[in-house]
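One structure is given below, encoded as structure tokens.
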Amino acid sequence: MSTNTNDKPAASAPAAAPPVAEKIRTENHIHGITLADDYGWLREKSNPEVARYLEAENAYAEAVMKPTEELQKKLYDEIVSHIKETDVNVPFKQGDYFYNSRWEKGRQYPIYDRRKGTLDAPEQITLDVNELAQGQPFMALGTMDVSDDGNLLAYSTDNTGFRQYTLFVRDLRTGKDSTAIGEKVGSVAWANDNQTLFYTVEEDKTKRQYRLYRHKLGGAPGKDDLIYEEPDERFNIGVEKTRSGKYLVLEIGSHTTSEARYLD
């Protein structure tokens, strides 16, 4: 058996090199101690260099994991096979309607619906999160609250993945949505006139809910009344209505203490 000494093994493709984030020193001075952070700049969401670095990390991860693509699909299919993709929650009654939510096979997000009077009544879809997600890079539903007369739905969504929710109102008689009412919204509660909406918003630095606003439907954007502001950074706030429907409650709490204030 002859051997060709000129034959050489084929060279393997060079391994992908992991991206290296630039070090930019920043300092925080707390209680007389200096805390250095070389990567604090990666928190700057609007910085295009942050996006470029994250894209490079994603490309590196994809290159490294490429040989496992077939295994990934096999594992994914096996996990999905154990999930009940078509599922329905137990309906609950609120006002004149029975409210419910469900998942359908092949669709990623829930569908919310209601039936008037009885469970045998025709279905009305109040919110299909799959439709909200179309054309969006991300979609998450925050809060949902129906007005007492059943005509209006206040809901909030996050389409960035930063857990910062934008508040809208949908007229359930027409299916038409309002323009954005508030940004970085947490909790929401309707007043009993079915025209006034209370909501809390997030503080930029601490990301805690700290302000309570009152919005009158049809009011000018950005002109809502500020009802309460919590200055203490240890406390978060939230608003809700009592089960009797007689009061709105503002909850104010830290890790060790809390209080509640109420409004007729």
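The values are calculated or read from the model by the stated rules, or taken from the named source; none is laboratory data. Since this is a predicted model, take the numbers as computed values, not measurements. Don't worry about glycine lacking a Cβ; one is built from the backbone with ideal geometry, like all the others, and counts go over all protein chains shown. Only protein heavy atoms, including side chains, enter the accessible area calculation; ligands, DNA and RNA are left aside. Shrake-Rupley method; radii C 1.70, N 1.55, O 1.52, S 1.80 Å.
Some points to look at:
- Remark: Lys184 matches the filter, which requires a residue to be on the phi > 0 side of the Ramachandran plot, free of Cβ contacts under 8 Å to residues at least 24 places away in the same chain and touching a Phe, Trp or Tyr at 6+ places or on another chain (Cβ under 8 Å).
- Residue count, region 166-196 (criterion: among the charged types (D, E, K, R), more than 17 Å from Leu127 (Cα to Cα) and touching a strand residue (DSSP E or B) at 6+ places or on another chain (Cβ under 7 Å)): 2
- Residue in region 167-188 that is surrounded by 15 or more Cβ atoms within 10 Å (Cβ to Cβ), of a type in the set (Asp, Glu) and within 28 Å of Ala133 (Cβ to Cβ) present: no
- Positions within region 223-240 being more than 16 Å from Lys205 (Cα to Cα) and either out of contact with any Phe, Trp or Tyr (no Cβ under 7 Å at 6 or more places or on another chain) or open to solvent by less than 40 Å² (accessible area, probe 1.4 Å) (or both), in sequence order: Lys223, Asp224, Tyr228, Gly238, Val239, Glu240
- Each residue in region 142-166 was checked for being hydrophobic (A, V, I, L, M, F, W, C) and surrounded by 18 or more Cβ atoms within 10 Å (Cβ to Cβ), and 4 of them qualify.
- Annotation note: of Tyr99, Tyr60, Tyr39, Tyr76, the sole residue that is at pLDDT 90 or above and within 30 Å of Lys205 (Cβ to Cβ) is Tyr39.
- Positions within region 193-222 being within 14 Å of Ala154 (Cβ to Cβ), open to solvent by 70 Å² or more (accessible area, probe 1.4 Å) and of a type outside the set (D, E, K, R), in sequence order: Gln195
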